[in-house]
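Values in this text are rule-based calculations from the coordinates and carry no lab data. None of these values were measured; they are calculated from a predicted model. Note: ideal-geometry Cβ built from the backbone for every residue, glycine included; neighbour counts use all protein chains shown.
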Amino acid sequence: MTLRSAIAILLVVLATAGAAAGAASVFSLDRDLSVGTVRLSTDPGHRGALDIYVPLVDWGVRFGAVRLPARLSVDLRSLDRAAVQRVASGSDPDVEGLREEAEDAIGFYIRRLVAFVASASAVLGLLVALALRGRAAPLRMTVPAALLVSLAAGGAVATLLPPRGEIESPEYYANGPDIPAALRAIDQASTSASAISEELNDQLVGLARLIALPAERAGARALPRLTLASDLHNNLLALPTLELAVRRGPLFFAGDLTSSGSPFEALLTERVARIGDPTVFVSGNHDSDVLERRLARAGAIVLTQRGRLLPGGGRGEVVVKVGGLRVAGYSDPFERRREDRYEARGEPEPSEEQKRDFATWLRPLVGRVDVVLVHSPALASTAVEGLREKPPDRPLAVLTGHTHLPRLRSSENLVELNGGTVGGGGTGNLEKNQPFGLAVLTFARAGEFDPLLADIVEIDAQTGAARAERTRLDLGAPERVGVDGER
């Protein structure tokens, strides 16, 4: 075999293999199930996975049960709303029947896909072989190569694409227009092979309950929401992403907008006051009194334990109304001062006295506020422990920052939420590759504040990959920390 012959055969093989991948990516099939119509498709070039996706809510669940480097997607195109409402209201669904329908649909799709991939790749491979035919590329060499590769491609699809093995470690995911997010489900029913059916059933039922919120509430997109961010630390590159996330809703910023709160930093970060509608701010240990005054003049609602800081320097009410919510905030005891030339005021570890001061401040506000904004979770720890032991009569959300780690913890009538660091740790910590993070709290306010959903999102600073976790708060969710489940 000459070098030219080898190159010709290689070109035929590459063309046939490329045609197989292209055929797999364009072939889709719609099938009717008892709950609606699904569209089955394959997306080559990814880590093997089975995706079940519901465009109605832009959420799905992913299982790593496919050995082929491709995602086998089952997208719900139309929905029998009555069936979903029955599941959401607590009726026992026929999950086994639905799974059998889905398995039949997947089997039917894969058989058609095998035939399409093999035939399409063979046709293109033969066309390339004919185009290259000659003394250096005789058809007796190139045609068998094209046919063998097409048969191998069809065989790979037939043997490696069907989901097999343990269906475990589910991930929720979303495909938003701005940041594709992989949403990991922390509350897994089980990761053992002995409980595969129960786990998958729970995931299907849970997805149905996300689609139809209980008590005939409006869909999640129609409900009010707030965005929680903190710890920008002067990283202005994160502000466009924050603007997209807020989407002209209220922004609650839990401190550390800057590194020292100097006038120059305050000037650079002043646009945060205009991102939210409105922006609510409390200081952190890297902010300053000068920064607070500048934000107040720029239109932000700057809260302190002595009342809202007014643009002229005076103090307003301790409890303010924001989007129908009653909100109070506590400035950080370690915030910088102009008179100290913005120097750090010791280690930002609150003393027991400072924790008691916060608890004393909060005690008469319980029942009068819906949201409390404070930078340091440690500062609020004594008060929060007391609220866990003796739950408030009405729901209360305590929103924090400082740790650079996302955290969600819920108990009776109490939600503790931290979105991590929206600035990826800030300009002084970029070498640590801390993920950019924020949180979104969705709530109802018919009569009183009712927190429903908490979304925690993290974006990898180097790759741009994003992950998020959605938690239903009205189902009495247990403690959750971060998007990867570390406690």
Inset, instruction - For the stretch 220-475, count the residues as N, evaluate 2.2 N^0.38 Å, and divide the Cα radius of gyration by that value, please. - result: 0.92
Legend entry - Three principal axis lengths of the stretch 258-360 [C-alpha, angstrom, descending]: 36, 35, 21
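Using every Cα-Cα pair within the stretch 242-288, state what percent have a distance larger than 12 Å.
Values: 649 of 1081 pairs.
Tail fraction, whole percent: 60.
With the convex hull built on the Cα atoms of the stretch 285-342, state its orientation-averaged projected area in nm².
So the Cα hull casts an average projection of 4.1 nm².
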Legend entry - Efficiency of FRET between residue 340 and residue 25 - r from beta-carbon atoms, R0 56 angstrom, step 0.05: 0.35
Inset, instruction - Divide the volume of the convex hull of the Cα atoms of the stretch 225-266 by its number of residues and quote the answer in cubic angstrom per residue. - result: 68 Å³
Legend entry - Inter-label distance for residue 385 and residue 6, nm, one decimal - labels placed 7 Å from Cα along Cα-to-Cβ: 7.3 nm
Legend entry - Cut-off under 5 Å, modelled amide H: who pairs with residue 438 long-range: 457
Legend entry - Distance between modelled label sites at residue 236 and residue 274, nm, 7 Å Cα→Cβ extension: 1.3 nm
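Relative to the present Cα-Cα distance, how much length would full extension add between residue 139 and residue 317 at 0.36 nm per residue of separation?
Values: separation 178, 0.36 × 178 = 64.08 nm, distance 8.66 nm.
Length difference between fully extended and current span is 55.4 nm.
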Legend entry - Hz values of 3J(HN,Hα) by residue in the stretch 27-35 - Karplus curve (6.51, -1.76, 1.60), Gly and Pro given as x: 7, 9, 8, 9, 9, 8, 10, 5, 9
Legend entry - Descending semi-axes in whole angstrom, ellipsoid equivalent of the stretch 323-472, from the Cα gyration tensor: 26, 23, 12
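Give me the extension gain from residue 67 to residue 356: residue separation times 0.36 nm, minus the current Cα-Cα distance, reported in nm with one decimal.
Details: separation 289, 0.36 × 289 = 104.04 nm, distance 5.61 nm.
Net length gain for the segment: 98.4 nm.
Out of the stretch 236-330, which trypsin sites (Lys or Arg not before Pro) are coil in DSSP terms and have no more than 10 other C-beta atoms within 10 Å? Walk me through the intermediate numbers first.
On the way: sites: 247, 248, 271, 274, 293, 294, 297, 306, 308, 315, 321, 326; in loops: 247, 248, 306, 308.
For trypsin sites (Lys or Arg not before Pro) across the stretch 236-330 that sit outside H, G, I, E and B with at most 10 neighbouring Cβ atoms in 10 Å, the list reads 248.
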Inset, instruction - For residue 47 paired with residue 460, estimate the spin-label separation in nm (one decimal), with each label point 7 Å from Cα along the Cα-to-Cβ line. - result: 0.9 nm
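Beta carbons within 10 angstrom, averaged per residue: use that to sort the peptides 22-29, 253-260, 350-357, 146-153, highest first. Let's see the in-between values first.
On the way: 22-29: 16.9, 253-260: 27.1, 350-357: 14.6, 146-153: 19.9.
Output ranking for 22-29, 253-260, 350-357, 146-153: 253-260, 146-153, 22-29, 350-357.
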Inset, instruction - Compute the semi-axes of the equivalent ellipsoid of the stretch 312-410, taking the square root of 5 times each eigenvalue of the Cα gyration tensor, and list them largest first in whole Å. - result: 24, 18, 13
